[in-house]
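The values are calculated or read from the model by the stated rules, or taken from the named source; none is laboratory data. Just so we're clear, the structure is a prediction, and the values are computed from it rather than from any experiment. All Cβ positions, glycine included, derive from the backbone under ideal geometry; neighbour counts span all protein chains shown. For accessibility, only protein heavy atoms count, side chains too; no ligands or nucleic acids. Shrake-Rupley method; radii C 1.70, N 1.55, O 1.52, S 1.80 Å.
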Amino acid sequence: MDDTASGSTPDPAPESPSESAPESVWPGQDPDHAVLIASRLKERLYATITMIAVVVGLAYPGHAAPGVAAVSVGVTAVGLWLTSIVADGQAHRVVHGHRDSGRQLRQTLFVSSPLLLSAVGPLALITVSALGAMELRTALLTAAGVSVWVLFAWGWYGGLRMGANMAVALLAGVADAAIGTVVALVKAAGH
């Protein structure tokens, strides 16, 4: 049935691309770029939670040497990164029926790079431990604590970006840190 015949008004004409951009995009920011940045942040948060699980898992058996811990952290980060690249490529082939273009591959590498960066802090602290400046368990738990703080900071900043007042933004940060910590501890307990 025709909308005009039923008395309702027809849908308005489509907006121009600048008018239909999501509100969350900063002024002057390309919406496609905003999607890439959001995907990159998602990978960063996922890698942070995974790295908390890895370092906590390494801290509690108490028998890992700095070299073993460094290899575990490095292999985890590289494994996550390669898995992400393979999964993105496979999904693209299934959905689009062709391989990634060079541009799409560069986007995948851009989005997935935080999976590698998640190992930098733990590896730096493991190196400090290997040099004798702190016990390995202390280094690993410090790395976990820093990662929990990162989850808090992103949650707090997300609350502010959504227009929340400081108290609500702080609550969002605490909630994100708590949820991430619980997920990481469940992952660590499973290994």
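Might you tell me the accessible area per residue for segment 74-116, computed with a 1.4 Å probe and given in Å²?
That works out to 61 Å² for each residue.
Given the convex hull of the Cα atoms of segment 77-191, what is a quarter of its surface area in nm²?
One quarter of the hull surface, i.e. the mean projection, equals 10.2 nm².
For segment 152-191, with all protein chains present and a 1.4 Å probe, just round the carbon and sulfur fraction of the accessible area to a whole percent.
Values: 2000 of 2550 Å².
Roughly 78 percent of what the probe reaches on segment 152-191 is carbon or sulfur.
Consider a paramagnetic label point 7 Å from the Cα of Ala91 along Cα→Cβ; state which residues of segment 39-70 have an amide N under 20 Å from it.
Only 39-51 pass the distance filter.
In whole percent, and with a 1.4 Å probe on the protein chains, what portion of the accessible area of segment 42-126 is carbon and sulfur?
The C+S portion of the solvent-accessible surface of segment 42-126 is 68 percent.
Mind giving me the nanometre distance, one decimal, between the label points for Ile37 and Trp149, set 7 Å out from Cα along Cα→Cβ?
About 2.5 nm separates the two model spin labels.
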